[in-house]
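Please read the structure below before turning to the comments.
The values are calculated or read from the model by the stated rules, or taken from the named source; none is laboratory data. What you see is a predicted model, and the numbers here were worked out from it, not measured in a lab. Cβ sites come from the backbone with ideal geometry, for glycine too, and all protein chains shown count toward neighbours. Ligands, DNA and RNA are excluded from the accessible area calculation, which covers all protein heavy atoms including side chains. Shrake-Rupley method; radii C 1.70, N 1.55, O 1.52, S 1.80 Å.
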Amino acid sequence: GATQLAATKIREQLATLVTQFENVRKADPADLETHDLLLLGISTWNIGDMQDDWFDFLPRTEHLDLTGTTVALFAMGDAYGYPYTFLDAMGKLWTGIQNLGFPRLVGTWPITGYDFDESLAMHDDHHFVGLGLDHDNHPELTDERITRWVDKIRQETSLSQTTSHTRNLA
């Protein structure tokens, strides 16, 4: 439910810019090709696993061509309980998506303020591939991080109220 809650907050901040909001369990992979910007949310389960819905969905995307599509990722993790696999599912999701026609990644997020040991979600030495949220241990930071990340997405994509075709999939 935490990923769904974050997706809802992101959708509220983007308002009418989100043209489709869907649970990945009910999504059709082909629909990903019809949007200019994809906001993909995932949570890490157990010791670095993708949630079952994404684990089942991702192989069904292998035939897609996301050339020209912009992708922004956000994820839930537990840095205290799983410091060696923090946000690993987000890293696995990006690994699965990035070779589908080489979509453009936006919304990388600084690792400053997080206490973890390892993560497959590292974009470089100082950033995650997307927004990391730790609702279990730091729920008080969630709203502020989402707001800052949405602002960052707006800046990196020149997203305005006149832009359309944004999809939020959690």
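Normalised per residue, the accessible area of the chain is 47 Å², obtained with a 1.4 Å probe and no contribution from ligands, DNA or RNA. Cα extents for region 29-105 along the principal axes, largest to smallest and rounded to whole angstrom: 37, 21, 16. Our compactness index for region 93-148, the C-alpha radius of gyration over the empirical 2.2 N^0.38 Å, is 1.22. By the gyration tensor of its Cα atoms, with a ≥ b ≥ c the square roots of the eigenvalues, what is the shape of region 46-90: rounded for a/c under 1.5, prolate for a/b over b/c, or oblate? It is oblate, given that a/c is not under 1.5 and a/b is not larger than b/c. For the chain, a crude dipole built from +1 on the beta carbon of Lys and Arg and -1 on the beta carbon of Asp and Glu, taken about the Cα centre, is about 560 debye to the nearest 20. Bridgeable lysines around K152 (alpha carbons under 21 Å apart, same-chain partners fewer than 8 residues away excluded): K9. Subtracting the Cα-Cα distance of T95 and D124 from their residue separation scaled by 0.36 nm leaves 9.0 nm.
Of all DSSP-defined beta bridges confined to the chain, some 20% are antiparallel rather than parallel. As an equivalent ellipsoid, the chain spans semi-axes of 23, 18, 15 angstrom, where each value is the square root of five times an eigenvalue of the C-alpha gyration tensor, largest first. The fraction of accessible area contributed by carbon and sulfur in the chain is 49 percent, rounded to a whole number (1.4 Å probe; ligands and nucleic acids excluded).
Comparing I97, W45, T8 along the charge dipole axis of the chain, the residue lying farthest to the positive side is T8, per the Cβ-charge model.
Here R60 and D36 are evaluated by their C-beta separation; at R0 = 30 Å the FRET efficiency comes out at 0.90. Using the average count of surrounding beta-carbon atoms within 10 Å as a protection proxy, the listed peptides 82-93, 148-159 rank, highest first, as 82-93, 148-159.
Here the sum of -39500 (n - 2.57) over DSSP H runs of 4 or more residues, divided by the residues of the chain, equals -8000 deg cm²/dmol at 222 nm, to the nearest 500.
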